[in-house]
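A quick write-up on the structure given underneath.
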Amino acid sequence: MASADADAEEPEAGDSDVFPVPALRERAAACAERLRDPDEFLLCSHIDADGLTSAAVATSAFERAGFDFETAFFKQLDADAVASIAATDYDTVCFTDFGSGQLDVIAPHEAAGDFVPVIADHHQPADAETEFHLNPLLEGLDGASELSGAGAAYLLARALGDATDTDNRDLAALAVVGAVGDMQDGEGGLSGANEGLVADAVAAGALREVTDLALYGRQTRPLPKLLEYASDARIPGISNDQAGAIEFLSDLDVPMRDADGEWRRWVDLDADERRTVASALIRRAVSSGVPSERVDSLIGTTYVLADEEPGTELRDVSEFSTLLNATARYERADVGLAVCLGDRGEALDRARTLLRNHRRNLSEGLQWVTTEGVEREDNVQWFDAGTRIRETIVGIVAGMAVGADGISARQPIVAFADKGDGETKVSARGSGFLVREGLDLSAAMREASRSVGGDGGGHDVAAGATIPAGEREAFLAAVDELVGEQLADGEDEEDE
Ligand code: C5P
Ligand code: C5P
Ligand code: C5P
Ligand code: ZN
């Protein structure tokens, strides 16, 4: 295995074509053109890592284009949020990382002349049409793996750049953070249209693509924690085993502490040392019977932000996205946006404080779910966290819980949390395997929530909804039935 620097791809100059199909270029150009018309407009985005990076990409491109605009963030673009937007004086509203799924709510406002929507999104579109709409799903691309909200915003930025003297390619690295924040990367890294973004970011010198140990926390976690917390790997005697992880490392011929006696981190190791640790880890996994696909997934494609300081949360794309979630999901999108836009002072300090809190919440949430366990219906498993897990992170916790003891990776997981306003938040997570079997959580969340007076949507593999409190049982029955039908239909298709 090579070190970060040795294995970095050579930046290549020249014209990459980031638009995967001409129709997306046309959509991006139409949206860009429309934004030139108004004297001022409103930019609205979603409160997660992808939504923040979407807003950062858009904001940078808009400023360079000399646009006059304000920015606002929303937890969910529901009917109330859209109505509040309609009540403003803006007659043009740009939506990033949401908008498609709420087109049916937006369309009546457009028809009433409240505002013209310009949408750059990657969620499953609702049943309605609009003119300025940039979404990979409209052109046959996968919105859950091939292009994220930030990627759509980046295509818009590139279209804007075509008409100005900047090409906006330096913004591609932020879009990569968004894609990884939405878990669009697999073992081989990003795929589909996302690869064009990676190429642009690499060419701009902002990103390096590195084959490396695929564990979360290479930049900031002390080595024993890096291994101990790698619970997905499930290596007996190392994963979730502090003493075991320390013992494993201590047996290697690599100094584990620095001159001050502090644990070293993965970034502190040189290429040879990394190879030693990685080889030993793989040998240990193999000898303790870890299945080969899980052994293979210990090494994968990772992304390093070349301009950020090594050993910080900003240097690794995945850690960066977690830092952003730690701000926006706690009503501090302003802090995350400032970090994306380059604030390495006060905003970064603030974000790091928020990150400590976010990590504690994730770890306590995960602890609670794995202790309580899940309930099982015919086709889905579920838990209701009530007020124990914040509704804005219950989906992340649900995703992290899959694969833990008693939580199957073979059934979708549905999580509930109280919103505290007479409503219940729902988050659902599936897997690539289940999607190939016919699972579409976006459709299931939308239909089941609407059947009880709520609303929802998202992606086939990950979706969410809001339902009235007290409708959990009816909702769950509807989801269970819908998912059962989807998986049965998937089976039929395979038989054909
Ligand atoms: O709103 P948005 O599109 O940003 O959210 C996508 C969500 O779906 C993220 O929370 C991400 O972690 C989740 N996801 C997932 N598995 C995938 C793709 C996305 O859990 N394969
Ligand atoms: O990419 P995503 O936001 O879905 O990651 C979920 C969360 O899991 C991250 O916020 C990160 O803090 C956490 N995580 C972790 N240890 C891992 C993997 C993820 O703490 N091994
Ligand atoms: O909130 P959570 O992380 O579970 O969201 C998963 C996916 O479902 C995200 O892409 C989110 O935008 C989408 N979602 C939605 N409508 C809701 C809730 C979530 O489209 N009411
Ligand atoms: Zn997104």
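Only the coordinates and a few stated rules stand behind these numbers; no lab work does. In this text the structure is predicted, and so the values were computed from the model without any measurement. Ideal geometry is used to build each Cβ from the backbone, glycine not excepted, and the neighbour counts take in all protein chains shown.
Structure notes:
- For a paramagnetic label modelled on Glu247 (point 7 Å from Cα along Cα→Cβ), amide N atoms under 19 Å away belong, within segment 283-298, to 283-290.
- Maximal additional length on extending the Ser451-Asp162 stretch stands at 99.5 nm, based on 0.36 nm per residue less the C-alpha distance.
- Across segment 468-477, computed HN-Hα scalar couplings (Karplus, 6.51 cos²θ - 1.76 cosθ + 1.60, θ = phi - 60°) run x, 4, x, 9, 4, 5, 5, 4, 4, 4 Hz from first to last residue, x flagging Gly and Pro.
- Every Cα-Cα pair of the chain was included, and the share exceeding 37 Å stands at 27 percent.
- Pairs of Cα atoms nearer than 8 Å and 6+ residues apart set the relative contact order; for the chain it is 13 percent.
- Net charge dipole, segment 53-114: roughly 240 debye, given to the nearest 20, about the Cα centre with Cβ charges of +1 for Lys and Arg and -1 for Asp and Glu.
- Dipole axis of the chain (+1 Lys, Arg; -1 Asp, Glu on Cβ), positive-most option in Ile467, Leu24, Phe41: Ile467
- Trypsin sites (Lys or Arg not before Pro) restricted to DSSP loop in segment 396-496 with at most 11 other C-beta within 10 Å: Arg410
- Only Cα pairs under 8 Å and 6+ residues apart enter the sum, and on that basis the relative contact order of segment 304-356 stands at 27 percent.
- Summing +1 for each Lys or Arg and -1 for each Asp or Glu among the other residues whose beta-carbon sits under 11 angstrom from that of Asp418 gives +1.
- For segment 132-246, the relative contact order comes to 19 percent (Cα pairs under 8 Å, sequence separation of at least 6).
- Dipole orientation for segment 383-496: of the candidates Gly458, Thr392, Gly438, Thr392 has the Cα lying most toward the positive pole (charges on Cβ; Lys, Arg +1; Asp, Glu -1).
- Options Ser239, Ala112, Ala173, ranked by Cα towards positive dipole end of the chain, top entry (Cβ charges): Ser239
- Net charge of neighbours whose Cβ lies under 12 Å from the Cβ of Ala465, counting Lys and Arg as +1 and Asp and Glu as -1: -1
- Rounded, prolate or oblate (a/c below 1.5 giving rounded, otherwise prolate when a/b exceeds b/c) for segment 246-330 by Cα gyration tensor: oblate
- Seen through its C-alpha gyration tensor, with square-root eigenvalues sorted a ≥ b ≥ c, segment 101-222 comes out prolate because a/c lies at 1.5 or above while a/b is bigger than b/c.
- Converting phi to 3J(HN,Hα) with the Karplus coefficients 6.51, -1.76 and 1.60 and the offset θ = phi - 60°, segment 374-383 yields 10, 8, 10, 9, 5, 10, 9, 10, 8, 9 Hz in sequence order, with x at every glycine or proline.
- Point-to-point label distance, Arg360-Glu40, nm (Cα→Cβ direction, 7 Å offset): 4.0
- For segment 320-377, the list of GluC sites (Glu not before Pro) that fall in a loop by DSSP and count at most 13 other C-beta atoms within 10 angstrom reads Glu331.
- Net lengthening on full extension, Arg376/Ala271 (0.36 nm per residue, minus Cα-Cα): 33.2 nm
- Separation of the Asp17 and Ala72 label points, Cα + 7 Å toward Cβ, nm: 3.9
- Sequence-ordered 3J(HN,Hα) estimates for segment 278-289 from the Karplus curve with 6.51, -1.76 and 1.60 and θ = phi - 60° stand at 5, 4, 4, 5, 5, 4, 4, 4, 4, 6, 9, x Hz, glycine and proline given as x.
- Förster radius 45 Å - calculated FRET efficiency between Ala128 and Thr387 (Cβ-Cβ, nearest 0.05): 0.80
- The residues packed around Asp455, meaning those with a beta-carbon under 9 Å from its beta-carbon, carry a net charge of +1 if Lys and Arg are +1 and Asp and Glu are -1.
- Size of charge dipole - segment 8-131 - debye, nearest 20, with Cβ of Lys, Arg +1 and Asp, Glu -1, no other charges: 60
- Aspartates and glutamates with Cα under 20 Å of Lys419, excluding same-chain neighbours fewer than 8 positions away: Asp48, Asp78, Asp80, Glu331, Glu364, Asp384, Glu391, Asp455, Glu471, Glu473
- Dipole magnitude of the chain, debye to nearest 20 (Cβ charges: Lys/Arg +1, Asp/Glu -1, about Cα centre): 1860
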